[in-house]
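What follows is a short report on a single structure.
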Amino acid sequence: MNYDWVIILGSAILLSIGALLGYWSRQSGSRRGLSDVGLRDAVRDARNGEFPVLVGRNEELKRMMQVLSRERNPHVLLVGEPGVGKTTLASRMATLLVEHKVPRRLKNYRMMQWNFAQWITQAESSEQLLEVLSYLPSRCIVWMDNLEEWWPVLERRGLLSLVFEGLKRKGISVIGITTPKHHQEHIHLHPRLSRFFHPIHVAPATVKATLQILETMVSDIEERSPVQLKPSALKACITYARHHLPHAFLPASAIEVLEEVVTFADTQITDREQRRVIMQTDVENAMEHRSRHYRDPRD
């Protein structure tokens, strides 16, 4: 007996029931808000300027839009180490939807970020999962971050197949995000789900791209902190991250160093100083101070 077909048929029946439940809840006025079921309107957030600027990644972005525009299996899986910029890449799609810079098939699409960590604390049954799926618009990109964190929970509760059957609905595209380890150990070994996604590998940012990213942060940092960042300081942050943070990846590792340097400088500013200029030596001093008081547990 082909148990895959049993799962698919059962999922289809449950999804039909879920659609009816969603319709009845809308009619009765008992429908909860998006945030109540772990969904967030990413297009609204992009319109409000809540996402960081994407630097580079033109090839990955083009490929992502190409896959999302497909008629069959329009589902992307961004695969990369923590901190390489997968979430920023995904959020860029919401900004492009706002700016109407997307392929014709994606015009008038909405984009929902599914905060699974919030949802899973409340949901324990297929009915509660179906409620979330019933909230998705007919033309929608679903953004699912950190698959490696909630995948095992869905498997334990027997909901994994139901989620992805529900996301096969016409007009739904998916952007999933995960690590190479999880992709290799779980998704790659799951035949139906490996066919569901088209993986796009996101490598760590180059030194040049990382410097550009740090440069986009300077004005905001200088506006909220009494510091002035010199170009030599930004380069020193990248150099330190590459040589002393072997378990982290650009650009996040360099951003971490920069934030450490700025907060350290904040604590050192005297009453007579209006603004402290941060140069390469200040980066070295701040990180030396950090190393005396903090040891990375991964070392």
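The values are calculated or read from the model by the stated rules, or taken from the named source; none is laboratory data. All of these numbers come straight from a predicted model, not from anything done at the bench. Cβ coordinates were reconstructed from backbone atoms using ideal geometry, including for glycine residues, and neighbour counts include every protein chain displayed.
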**OP:** Filter the range 239-294 down to residues that are surrounded by 20 or more Cβ atoms within 10 Å (Cβ to Cβ) and of a type in the set (D, E, K, R), then give me how many there are.
**Re:** 1
**OP:** Quick one: which residue in 168, 181, 86 is assigned by TED's automatic domain parsing to the domain that holds residue 62, touching a residue at least 12 places away in the same chain (Cβ under 8 Å), within 12 Å of the chain's Cα centre (by Cα) and closer than 24 Å to residue 64 by Cβ?
**Re:** 86
Original post:
How about the range 133-168: which of its residues are basic (Lys, Arg), out of contact with any helix residue (DSSP H, G or I) (no Cβ under 8 Å at 6 or more places or on another chain) and modelled with pLDDT under 90?
Top reply: 156, 157
**OP:** From (1) in a helix (DSSP H, G or I); (2) among the aliphatic types (A, V, I, L, M); (3) touching a strand residue (DSSP E or B) at 6+ places or on another chain (Cβ under 9 Å), pick out the condition that doesn't hold for residue 136.
**Re:** (1)
Original post:
Would a scan of the range 43-60 turn up a residue that is more than 12 Å from the chain's Cα centre (by Cα), buried (at least 16 other Cβ atoms within 10 Å of the Cβ), assigned to a helix (DSSP H, G or I) and without any contact (Cβ under 8 Å) to a residue 40 or more places away in the chain?
Top reply: no
**OP:** Out of 209, 205, report the one residue that is assigned to a helix (DSSP H, G or I), within 20 Å of the chain's Cα centre (by Cα) and either basic (Lys, Arg) or more than 28 Å from residue 71 (Cα to Cα) (or both).
**Re:** 209
**OP:** Say whether the condition of being of a type outside the set (Asp, Glu), assigned to a helix (DSSP H, G or I) and either outside the structural domain of residue 66 (by TED's automatic domain parsing) or touching a residue at least 12 places away in the same chain (Cβ under 8 Å) (or both) is met by at least one residue in the range 142-149.
**Re:** yes
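Residues checked against (1) of a type in the set (Ser, Thr, Tyr); (2) surrounded by fewer than 18 Cβ atoms within 10 Å (Cβ to Cβ):
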residue: 142; (1), (2): no, no
residue: 165; (1), (2): no, no
residue: 174; (1), (2): no, no
residue: 178; (1), (2): yes, no
residue: 190; (1), (2): no, yes
residue: 207; (1), (2): no, yes
residue: 212; (1), (2): no, yes
Original post:
Taking the range 173-183 on its own, how many of its residues are part of a helix (DSSP H, G or I) and touching a strand residue (DSSP E or B) at 6+ places or on another chain (Cβ under 9 Å)?
Top reply: 3
Original post:
Taking the stated definitions as given, is residue 234 part of a helix (DSSP H, G or I), at pLDDT 90 or above, touching a Lys or Arg at 6+ places or on another chain (Cβ under 8 Å) and in the same structural domain as residue 265 (by TED's automatic domain parsing)?
Top reply: no
